[in-house]
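Working notes for the structure below.
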């Protein structure tokens, strides 16, 4: 097994090292070719994680602390299925269906970012006014389910109201307004779409790891806090979360590793333009996508080939470091839980 | 297990964050459901023979086509509707955007027909007459003409099948025999005869034409040979449509692609995917299971095994494209290149194994899925109670006997789970295949009657790559979209069914043993 891991690393290093040492590479060319790709990779991962982390952590917290055992044992396989969805399919839907659609409904889509959280809070406020019977029926522990139709309603309402608002606030087209007022260029396939799609793909694995960390916290800690009168949320924030923080950190690291290496989604949803900007509305080119597109055509041994292998080596090193770090953190954490739980 | 919380508690406010957490669960479920629903409806809807509308515009234009979607107009108020009007050879384009306000009348006449053709895509219009290319003329009885067309198409279908069979079973083996031994007079004779028979079949198919007319009266002479199917969507009952739908689904699964992958079926891609995955599981199962057994049962549980476990997890986190690079560099250029030099020297410089192919793709994916199998098997082994092993040992079994008679049979579902998960992962993985041997269109499937029957060096088609390629490199992406949806649905179904099986197996396994993993 170690052999297999080493084999990949050794192969990549062996291919690249002689060239690096022998001065085949022109440093300027490395900078020219690799910097935009590295930039794009990090940018894509950043936007994906911006989308995936809140969603995954929220879901993990909810299912570890509020859901009933029964519901949780249904929830986990469902999200596992989400993880299993092939990247090509997500990439296809994101690149060819979602991207043009968001372009047409830009205002509504952006408004969703605001409407959905507020809508959930509104639901909470309404819930507190409900009679007790209803409240028990629509309990918080089942909120993950009964909020789904509510969110659907919100999405529908947002998109039917958005054109009017757009006309009122942005002279009819948010896209033109962005271009005119803020100088932001909107590309159909952009970092926002990539972030959304890749966040969707990465979210289940972050969720699974974070949920493991949260539900692994010895229950006597939480029970103690609740016995002292803390609400479940206070328990979580003051007791469970600090205990599980390293595990959650590890989950984020592994998620980042995934996002950095994901190829098909980026390839299909990003436009593959080597731009260096942080704007969510412009495309990018990532290392993984660059390798997938160019390597089959590169002549073995040529400079372009070696550059791409170098990119692969960087990817490998990055994910290797991130994963090792996460794995070490996780095994430390497991030992800590055992200690907290009173085991020798 | 400790019993966690009491059931009844006074309801207190949990604060906004708890609700937002619940909201994120709901949002992920919504997105997952939305995605699956989108793919399912679009993918299955493609095969439904939709009504064809005949639209009259304010400026007097007449058009016939299927309404696809509607959007608000960019500049002015109002909406416009996209019609798929087919007839690429008459109009030069198959799509029309029509402002909804300018549509005067829209009806669905019963006699509109849809033809599926080998070239230029579909035809939508009316059937005027059938006959020879020179002497085709107007006929009175439309209904009779329609029935004759259907009968004629059925005959053509049979002839086509016959020709295909001849080519496959007679011509190709003969050509191969001649290639091996050019002086074989008997084979030459047989080949000439077979060629004659094919020519006779071609003759029988040629000659007849259909005189077609589109809705605004322009006529077209269509050789029947190029027509695959004809139907009248507006005159069909729901049951008939269901029949057409079922046959459409079947053809999609069983036929090869046409028109630069934009039409037809995905059979070669299904075949390639399945074959590649089978090969991969043959390669990965022994290695993965053995590694897991060694790690969990044989090796001393110390620092080194701990390191190895971390390494395995690490391997699972390495991006798939890096595996692809490794496969390309080591398998294709390295091993494949050497194999070519040693065994296929006369074929050089055109590579045999030195280019991407079935074998290299399976090997690369086997490497990629190795951690999945190891982790799942190890988990299963760790769940087997220590008492079982100790009991066996106490009864006088050797360690090997304990392993093979007690531990392994109990761990079989876990191994199966691992292999199924590996298959699911491999079936959906495309990025490494871009580098090690997938093809846009592979004319020959990697299995045929020619020795050695399984051609490991050939390129193959893959469902996932088919999606990528058709959606991004096709000529008319708009027209190919429904097909991409259908392919995506198929891929998702395969992967989800595999995963569900794995989840079910794991659940069954846990329920049967009811034990906790070793701490």
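The values are calculated or read from the model by the stated rules, or taken from the named source; none is laboratory data. Note that this is a predicted model, so its numbers are computed, not measured. So basically every Cβ, Gly included, is an ideal-geometry build from the backbone, and we count neighbours across all protein chains shown.
Descriptive notes on the structure:
- Of all residues in the range B:182-204, none are at positive phi and in the same structural domain as residue B:146 (by TED's automatic domain parsing).
- Filtering the range B:250-263 to residues that are in contact (Cβ under 8 Å) with a residue 40 or more places away in the chain and either touching a strand residue (DSSP E or B) at 6+ places or on another chain (Cβ under 6 Å) or crowded, with 17+ Cβ neighbours inside 10 Å (or both) leaves B:252, B:257, B:258, B:259, B:261, B:262, B:263.
- For the range B:1-46, the set of residues classified as crowded, with 18+ Cβ neighbours inside 10 Å, more than 7 Å from chain A (Cβ to nearest Cβ) and modelled with pLDDT under 85 consists of B:46 only.
- Test: residue in the range A:126-145 that is within 11 Å of chain B (Cβ to nearest Cβ) and touching a strand residue (DSSP E or B) at 6+ places or on another chain (Cβ under 9 Å): no
Matching residues to (1) surrounded by 15 or more Cβ atoms within 10 Å (Cβ to Cβ); (2) more than 33 Å from the chain's Cα centre (by Cα); (3) in the same structural domain as residue B:506 (by TED's automatic domain parsing):
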{"site": "B:366", "(1), (2), (3)": "yes, no, yes"}
{"site": "B:378", "(1), (2), (3)": "yes, no, yes"}
{"site": "B:385", "(1), (2), (3)": "no, yes, yes"}
{"site": "B:388", "(1), (2), (3)": "yes, yes, yes"}
{"site": "B:391", "(1), (2), (3)": "no, yes, yes"}
{"site": "B:397", "(1), (2), (3)": "yes, yes, yes"}
{"site": "B:410", "(1), (2), (3)": "yes, yes, yes"}
{"site": "B:426", "(1), (2), (3)": "yes, no, yes"}
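- Test: residue in the range B:494-505 that is in the same structural domain as residue B:419 (by TED's automatic domain parsing), surrounded by fewer than 22 Cβ atoms within 10 Å (Cβ to Cβ), modelled with pLDDT under 75 and not in a loop (DSSP other than H, G, I, E, B): no
- Qualifying residue in the range B:339-351 (condition: touching a residue at least 24 places away in the same chain (Cβ under 8 Å) and more than 8 Å from chain A (Cβ to nearest Cβ)): no
- Conditions (1) surrounded by fewer than 24 Cβ atoms within 10 Å (Cβ to Cβ); (2) closer than 18 Å to residue A:33 by Cα; (3) at pLDDT 85 or above; number of the one not met by residue A:312: (1)
- Sole residue being over 30 Å from residue B:370 (Cβ atoms) and either outside any helix (DSSP H, G or I) or at pLDDT below 85 (or both), chosen from B:203, B:240: B:203
- When the range A:283-304 is filtered for residues that are in contact with a helix residue (DSSP H, G or I) (Cβ under 8 Å, 6 or more places away or on another chain), over 13 Å from residue B:431 (Cα atoms) and more than 9 Å from every other protein chain (Cβ to nearest Cβ), the ones remaining, listed by number, are A:283, A:284, A:285, A:286, A:298, A:299, A:303, A:304.
- Residue B:440 meets the conditions (1) surrounded by fewer than 23 Cβ atoms within 10 Å (Cβ to Cβ); (2) modelled with pLDDT of 85 or more; (3) under 37 Å from the mean Cα position of the chain (by Cα) in every case but one. The failed one is (2).
- Residue in the range A:200-220 that is in a loop (DSSP other than H, G, I, E, B), out of contact with any strand residue (DSSP E or B) (no Cβ under 8 Å at 6 or more places or on another chain) and surrounded by fewer than 16 Cβ atoms within 10 Å (Cβ to Cβ) present: no
- Restricting the range B:299-313 to residues that are within 7 Å of chain A (Cβ to nearest Cβ) and free of Cβ contacts under 8 Å to residues at least 40 places away in the same chain, the residue that is surrounded by the most Cβ atoms within 10 Å (Cβ to Cβ): B:311
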